[in-house]
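Asker: Below is one structure. I have some questions about it.
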Amino acid sequence: MNLILDRLIPYSLKDRIASSSSAIWNQIVTFDESNKIKIEAPSGTGKTTLTHILYKVRADYTGSIKYDDLELGKCNEDALAELRQHHLSIVFQDLRLFPELTAFENIEIKRLLTPQFSTQELVFEMAEALGVASILDQKIRFCSFGEQQRIAIIRALMQPFNWLILDEPFSHLDQENIKLASKLIASACEKRNAGLVIMGLNKDHYFDYSKELVL
Amino acid sequence: MLDQLLKKLIKNSAGQTKLVLAVIGLSIALILILSAVQLQSNYYELLNGKKNQDSVANFLVINKALTDQNVGASSLSGAQLNDLKKQAFTESIGSLTTSRYKASIQSNSQLFPFYTDIAFESVPEEFIDVNTKDWKWDEQAAFLPIIVPNQFLDFYNFQYSFSQNLPQLTPQVVKMVSFKVTIQGSGQNHSLNGRVVGFSNRISSMLVPQPFMDWANSKFASTNMIQQPSRVIIKTKDAGSPALTDYLKKEGLITDSDKTRFSRYRQVVDFVVNISSVTGLLMFTFALLIFSLFIQLTIESCKEEIELLILIGNSPKNIGRFLMKRFFPPNVYIVLIGLMFISIAQYLLADYLVSKQIILSSFLSLFTFLAALLLLIVISIVNYITIQKYLRIKQRTK
């Protein structure tokens, strides 16, 4: 599944884009399937805006986004749910977990949307690999942000996808944990033959990038 | 499993009080509406049920109320007859033909002598409640069949026979007795044999077959007296219909008031049913409103959770389905409890009325169940619309 961005201009960044150059805003960009794309985005360039536009959390922009033939702006609520269940996964910068559910329940509520794709054992395996097995039964609001980040990553890996969007996914992890998490993510992408788009403030070498762009 | 997690997220945070209020309101409304339907169908059953079929009540003999003004002019005009025929309560109408000649009957036997002057009437055959193959007459006939009112026999057996020192007679004996009928008029005399062939509760006249009446009237009628009938018989589905009583009153007509006494009860039943259904429907509307408000508040208070659920890939349709599963079952219980309540009431009512010789089904009518089903459908549609509406508003304002 290719991802095509066609002259995207979010309303909120209109003036800014007119006065500065960007590799993405107001450009025609194609991300080929299973590529790993790094988008380097200094503060204020619209990193989170782009994440939200790609996942259709917001639609206040001109231009268009296409996942193969599916134009995101025109897809209805059912098609969107289908896209989010089977083709598009995400780790938000602000994670978006349910604070009143336990870590385990937060992962389950996602896994059970496509239960045939990943088993409960996989949840424990991944939690073990990222060192969060012991907090699975804790309510999310009692977990540290670093723990929450890892839970959000595991949640994103429960479903099938063609593209994984990561918005500063490792901001609260130490080097050791970043290594573990990126390994887990890379193997999950490989297993699905999927691509990923990762947003970060600086250059990094978390993954073997096929394209590095500056927003 | 997923549902359990959803249940954990979408809590009943709108408050138990509102839910309890909505449930109580809906229950009372349902009971009112359903009992209105059940009452109406009970009344319908009483009118049309085989067990309660009262042949007397369905045939009414109607004539003008005699007053000082219309004495001697009591016949019904053609216009009046046509108007009566047009009324909704009239199924069919027949004229009573009166004999316009003198007649007498006289015993053939010396053992049991009697003689009395008499007058006959005839009605179209469909209005007669005696089934007998003897009910026919032509000029070659061996005897004239006569139907006698039951009251007439009672009067004879329980009053006349005592005063005249005559034997009491059973209907069977009366039917075996043959007597001489003499008619005279236009200066002629004619005698023929007569025999009682049946007893009627419907019409309190001595009845003879229509062909005989036509023949005798044409041959013996003393003068060219009025041809218009002064009494008619109508067949009606509901002798208790208030419309019928009102019509008769307005037109200055009377009938056996005993047969129309149901109309008073009917008015009471109608009144109760109307009050009950109007109150029920009003309450139903308000209860539905409260219930919708409750749904709205629940969705509102779980706004963030629902948004996040949709964000991680749930379709709004699925969430709607889940909400429906949460909110709809209480309504099913309400309807079931309402039906149970009315079933018990109906059973007790039927039990009580048996002692009053009124036979009513101990079970609810099909209509009540249909009404319950209909209400359930209305509730589910309103619930569905409310859920979809507020889920969508959620998305738009996101």
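The values are calculated or read from the model by the stated rules, or taken from the named source; none is laboratory data. The shown structure was predicted, so the numbers you read here are calculated from the model rather than taken from an experiment. Virtual Cβ from ideal backbone geometry, glycine too; neighbours counted across all protein chains shown. In case anyone asks, the SASA skips ligands and DNA or RNA and just uses the protein heavy atoms, side chains included. Shrake-Rupley method; radii C 1.70, N 1.55, O 1.52, S 1.80 Å.
Asker: Looking at B:Ala22, B:Ala103, B:Ala29, which one is assigned to a helix (DSSP H, G or I), modelled with pLDDT of 85 or more and more than 14 Å from every other protein chain (Cβ to nearest Cβ)? Don't jump to the end; show me each part of the working.
Answerer: Values: B:Ala22 fails: modelled with pLDDT of 85 or more; B:Ala103 fails: assigned to a helix (DSSP H, G or I).
Exactly one residue qualifies, and that residue is B:Ala29.
Asker: Just to be sure, is A:Tyr61 surrounded by fewer than 19 Cβ atoms within 10 Å (Cβ to Cβ) and among the aromatic types (Phe, Trp, Tyr)? Break it down into steps so the answer makes sense when it comes.
Answerer: Numbers: surrounded by fewer than 19 Cβ atoms within 10 Å (Cβ to Cβ): no; among the aromatic types (Phe, Trp, Tyr): yes.
The answer is no for A:Tyr61.
Asker: Among the residues of segment B:159-192, how many are open to solvent by less than 80 Å² (accessible area, probe 1.4 Å), among the polar types (S, T, N, Q) and within 26 Å of B:Glu139 (Cα to Cα)?
Answerer: Within segment B:159-192, residues that are open to solvent by less than 80 Å² (accessible area, probe 1.4 Å), among the polar types (S, T, N, Q) and within 26 Å of B:Glu139 (Cα to Cα) number 5.
Asker: Just name the residue that is farthest from the chain's Cα centre (by Cα) out of those in segment B:292-346 that are more than 24 Å from B:Leu5 (Cβ to Cβ) and among the aromatic types (Phe, Trp, Tyr).
Answerer: So, considering only residues that are more than 24 Å from B:Leu5 (Cβ to Cβ) and among the aromatic types (Phe, Trp, Tyr), the one farthest from the chain's Cα centre (by Cα) is B:Tyr333.
Asker: Related question: Can you go through B:Leu293, B:Leu348, B:Leu288, B:Leu376 and tell me which one is assigned by TED's automatic domain parsing to the domain that holds B:Leu6 and without any contact (Cβ under 8 Å) to a residue 24 or more places away in the chain? Full working, then the answer.
Answerer: Working: B:Leu293 fails: without any contact (Cβ under 8 Å) to a residue 24 or more places away in the chain; B:Leu288 fails: without any contact (Cβ under 8 Å) to a residue 24 or more places away in the chain; B:Leu376 fails: without any contact (Cβ under 8 Å) to a residue 24 or more places away in the chain.
Criteria check complete, one pass: B:Leu348.
Asker: Restricting to segment B:302-325, what's the tally of residues that are open to solvent by 70 Å² or more (accessible area, probe 1.4 Å), under 23 Å from B:Val378 (Cβ atoms) and more than 9 Å from every other protein chain (Cβ to nearest Cβ)? Steps first, answer last, please.
Answerer: Initially, segment B:302-325 is screened for residues open to solvent by 70 Å² or more (accessible area, probe 1.4 Å), giving B:303-304, B:317, B:321, B:325.
Next, only the ones that are under 23 Å from B:Val378 (Cβ atoms) stay: B:317, B:321, B:325.
Within this subset, residues satisfying the condition of being more than 9 Å from every other protein chain (Cβ to nearest Cβ) are B:321, B:325.
Here the count works out to 2.
Asker: Assess whether A:Glu168 counts as being within 11 Å of chain B (Cβ to nearest Cβ) and acidic (Asp, Glu).
Answerer: Working: within 11 Å of chain B (Cβ to nearest Cβ): no; acidic (Asp, Glu): yes.
No: the conditions fail for A:Glu168.
Asker: I would also like to ask the following. For the condition closer than 22 Å to B:Ile33 by Cβ and surrounded by 15 or more Cβ atoms within 10 Å (Cβ to Cβ), what is the one hit in B:Leu370, B:Leu366, B:Leu391, B:Leu349? Spell out the reasoning first.
Answerer: On the way: B:Leu370 fails: surrounded by 15 or more Cβ atoms within 10 Å (Cβ to Cβ); B:Leu366 fails: surrounded by 15 or more Cβ atoms within 10 Å (Cβ to Cβ); B:Leu391 fails: closer than 22 Å to B:Ile33 by Cβ.
Every option except B:Leu349 fails the conditions.
Asker: Answer yes if at least one residue in segment A:18-26 is touching a residue at least 40 places away in the same chain (Cβ under 8 Å) and closer than 17 Å to A:Leu72 by Cβ, and no otherwise.
Answerer: Of the residues in segment A:18-26, the ones touching a residue at least 40 places away in the same chain (Cβ under 8 Å) are A:22-25.
From what's left, closer than 17 Å to A:Leu72 by Cβ: A:24-25.
Yes, that holds for at least one residue.
Asker: Exactly one condition in (1) facing chain B (nearest Cβ under 8 Å); (2) surrounded by 16 or more Cβ atoms within 10 Å (Cβ to Cβ) is not met by A:Glu100; state its number.
Answerer: Just one mismatch for A:Glu100, condition (2).
Asker: If only one of B:Leu244, B:Leu309 is among the aliphatic types (A, V, I, L, M) and at pLDDT 85 or above, which one is it? Step through it out loud before you land on a result.
Answerer: On the way: B:Leu244 fails: at pLDDT 85 or above.
None of the others qualify; the one that does is B:Leu309.
Asker: All but one of (1) in a helix (DSSP H, G or I); (2) more than 14 Å from chain A (Cβ to nearest Cβ); (3) open to solvent by 20 Å² or more (accessible area, probe 1.4 Å) hold for B:Asp256; which doesn't?
Answerer: (1)
Asker: Let me ask you something else. So in segment A:77-97, with the set limited to residues that are polar (S, T, N, Q) and facing chain B (nearest Cβ under 10 Å), which one is surrounded by the fewest Cβ atoms within 10 Å (Cβ to Cβ)?
Answerer: Taking segment A:77-97 first, the residues polar (S, T, N, Q) are A:85, A:89, A:93.
Among the residues that remain, those that are also facing chain B (nearest Cβ under 10 Å) are: A:85, A:89.
Working: A:Gln85: 20, A:Ser89: 28.
Out of the qualifying residues, it is A:Gln85.
Asker: Also: So A:Leu184 passes all but one of these: (1) modelled with pLDDT of 95 or more; (2) closer than 24 Å to B:Ile310 by Cα. Which condition number does it fail?
Answerer: Answer for A:Leu184: the failing condition is (2).
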